[in-house]
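Structure record follows, encoded as structure tokens.
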Amino acid sequence: MKVVLDTDIASCLSKINGFEIVFKLFSNSKFFIPTRVFEELKEAEELGFRFVGTIFSLLGDKIEITSLNEEEMRDYEGITRIGKFGYGEKACIAICRNREDFILLSNDGYVNKKSRELGIGVYNLEDLLSFAIEEGVVKSEVELEVLMNKIENSDRVRIRDKDYLRSKIKREK
């Protein structure tokens with residue numbers, strides 16, 4: 001399996017130092033960001049956001065930058081007719097639609113909904129936390145609470161289904 005990350009989830013994982021969780025969950029996978037996502041991250045760096053340093057430190061070693069091929073470029077242009085996406089999101093969707101065995105990590109609700117409609121496997125942060133509990137990567141209630149607090153405080157993302165995640169970790173014990 002191959003995993004493509006869009007800008008919002010890569011940013012959040014960087015802010016909470018959460019890449020190790022994803023690398024453990026998808027331990028036999030290769031990780032990619034499209035050139036468009038890299039460009040969005042470079043813009044954030046130029047604006048003074050330091051969290052991108054974590055992502056950039058993983059490039060080449062753990063995460064590869066990938067360009068769109070000709071077919072994906074045509075699809076990229078057509079994706080605008082499907083919905084309103086950012087440049088990086090369109091690139092991620094084009095890759096997942098045109099390459100075999102790719103899943104998308106995105107925390108954008110609209111992107112997730114549309115991706116699922118297109119038959120793309122997609123995980124958001126809550127999905128990743130749930131999967132981490134199932135796989136024993138997140139082992140305790142305290143660890144889960146720390147992660148949820150980091151996500152909400154560092155990235156201003158609200159985790160809607162905290163009670164479900166809390167009950168799930170109790171069941172997995």
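Pairs are defined by a Cβ separation below 7 Å, a sequence spacing of at least 6 or placement on different chains, a first member in the range 11-31 that is within 21 Å of residue 156 (Cα to Cα), and a second member that is modelled with pLDDT of 95 or more and in a loop (DSSP other than H, G, I, E, B); the pairs so defined are 21/137. Just one of the numbered conditions (1) outside any helix (DSSP H, G or I); (2) touching an Asp or Glu at 6+ places or on another chain (Cβ under 6 Å) is not true of residue 139: (2). Within the range 7-51, the residues that satisfy the criterion of being surrounded by 15 or more Cβ atoms within 10 Å (Cβ to Cβ), out of contact with any strand residue (DSSP E or B) (no Cβ under 7 Å at 6 or more places or on another chain) and in a loop (DSSP other than H, G, I, E, B) are 16, 18, 51.
Being at pLDDT 95 or above and either outside any loop (DSSP other than H, G, I, E, B) or not assigned by TED's automatic domain parsing to the domain that holds residue 16 (or both) narrows it down to one of 152, 145, so name that one. On inspection, the qualifying residue turns out to be 145. Of the listed requirements (1) touching a strand residue (DSSP E or B) at 6+ places or on another chain (Cβ under 8 Å); (2) free of Cβ contacts under 8 Å to residues at least 24 places away in the same chain; (3) not in a helix (DSSP H, G or I), residue 104 misses just one: (2).
Restricting attention to the range 143-173 and to residues that are hydrophobic (A, V, I, L, M, F, W, C) and closer than 19 Å to residue 25 by Cα, the residue that is surrounded by the fewest Cβ atoms within 10 Å (Cβ to Cβ) turns out to be 146. Given the structure, is residue 103 in contact with a Lys or Arg (Cβ under 8 Å, 6 or more places away or on another chain), of a type outside the set (Gly, Ala, Ser) and farther than 23 Å from residue 22 by Cβ? Taking the combined requirement at face value, the residue does not satisfy it. Of everything in the range 52-72 that is of a type in the set (Gly, Ala, Ser) and closer than 19 Å to residue 102 by Cα, the residue that is surrounded by the most Cβ atoms within 10 Å (Cβ to Cβ) is 67.
Does any residue of the range 63-74 turn out to be within 17 Å of the chain's Cα centre (by Cα), without any contact (Cβ under 8 Å) to a residue 12 or more places away in the chain and outside any strand (DSSP E or B)? No: the range 63-74 contains no residue that is within 17 Å of the chain's Cα centre (by Cα), without any contact (Cβ under 8 Å) to a residue 12 or more places away in the chain and outside any strand (DSSP E or B). I'm checking my understanding of the structure. Among residues of the range 73-99 that are among the acidic types (Asp, Glu) and farther than 25 Å from residue 23 by Cβ, which one is surrounded by the most Cβ atoms within 10 Å (Cβ to Cβ)? Step by step, filter the range 73-99, then rank; the result is 75. Figure legend. Inter-residue proximity from the range 47-61: first residues under 13 Å from residue 33 (Cα atoms), second residues assigned to a helix (DSSP H, G or I) and among the polar types (S, T, N, Q), beta-carbon distance below 6 Å, spacing 6+ or different chains. Indicated pairs: 55/14. Out of 32, 56, 49, 38, one residue alone is at pLDDT below 95 and either outside the structural domain of residue 131 (by TED's automatic domain parsing) or basic (Lys, Arg) (or both). It is 49. Against the condition within 28 Å of residue 96 (Cβ to Cβ) and in contact with a strand residue (DSSP E or B) (Cβ under 8 Å, 6 or more places away or on another chain), how does residue 136 come out, does it pass? Against the criterion (within 28 Å of residue 96 (Cβ to Cβ) and in contact with a strand residue (DSSP E or B) (Cβ under 8 Å, 6 or more places away or on another chain)), residue 136 does not qualify.
The values are calculated or read from the model by the stated rules, or taken from the named source; none is laboratory data. None of the values given here were measured: they were computed from a predicted structure. Ideal geometry is used to build each Cβ from the backbone, glycine not excepted, and the neighbour counts take in all protein chains shown.
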